[in-house]
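Read the structure below first, then the notes.
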Amino acid sequence: MIRIIAGGKKSDKYTAELINEYAKRLRKPYDLNWEFIEEDKLLKKLENWPFAGQDYVIVCDERGENISSDEYSAKLQTAFNNSKNIIILIGGAYGFPPEIRQKADFLWSFSKLVFPHQIARLIVAEQTYRAEEIARGSHYHHA
């Protein structure tokens, strides 16, 4: 299972419908578990986060590395193969402070553009579904 912790409020109705459409298609271990936390509470929680052990932590951040869908799929598969719990963090309006970004196993940038939280959440859901399909060898991803 992939745990996604997102800063801010739950997704609006329309975005939630799209995210749920991808979530319904996912199979273990790619299934998603969403947790929404107010931004200030999220930052407080992450201050004491161990960022070690069995967790492979991906932080979504515009300063991160821009990777392909195939590379994202490979990262997830490697983490699963190493029996890691995958945690994806999506920040609030101001992202994450440097000390949180530095603790992450991977900083993931979707592009040089900045996206609203709703779209970032949708990108994570769709790209995770795409990653699963790449790993399965399906024709959903035809690059």
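Quick note: the coordinates plus some simple rules give every number you see, no bench work behind them. Quick caveat: nothing in here was measured; it's all calculated off a predicted structure. Methodologically, a virtual Cβ is constructed for each residue, glycine included, from the backbone with ideal geometry; neighbour enumeration extends over all protein chains shown.
Sorting K45, K75, K103 by the number of Cβ atoms found within 10 Å of their own Cβ, with the fewest placed first, yields K45, K103, K75. What's the center-to-center distance, using Cα atoms, between segment 45-59 and segment 64-126 in Å? About 13 Å separates the Cα centre of segment 45-59 from the one of segment 64-126. Ranked for footprinting exposure by Cβ neighbours inside 10 Å, fewest first, W49, W108 give W49, W108. Note on the chain: with a GNM built from Cα contacts shorter than 10 Å, the maximum mean-square fluctuation among L18, L107, L26 falls on L18. Over all pairs of different C-alpha atoms, the chain has a mean inverse distance whose reciprocal, the Kirkwood radius, equals 15.3 Å.
Of all the options I58, I86, I123, the one that moves most in a Gaussian network model of the chain with Cα springs shorter than 10 angstrom is I123. Quick check on segment 71-133: take the gyration tensor over C-alpha atoms, sort the square-rooted eigenvalues as a ≥ b ≥ c, and tell me if it's rounded (a/c under 1.5), prolate or oblate. In terms of gyration-tensor shape, oblate.
Each Cα pair under 8 Å and six or more residues apart adds its separation to the average, and for the chain the resulting relative contact order is 35 percent.
Of the beta bridges in the chain, as assigned by DSSP with both residues counted there, near 5 percent are antiparallel.
Rank the residues S138, S69 as a footprinting-exposure proxy: fewest other Cβ atoms within 10 Å of their Cβ go first. With the fewest neighbours first, S138, S69 line up as S138, S69.
A helix-only calculation puts the chain at -13500 deg cm²/dmol for mean residue ellipticity at 222 nm, using -39500 (n - 2.57) for each DSSP H run of at least four residues, averaged over all residues.
Quick one: of K41/K103; K75/K103; K13/K75, which pairs are farther than 22 Å apart, Cα to Cα? Where the Cα-Cα span goes over 22 Å, the pairs concerned are K13/K75.
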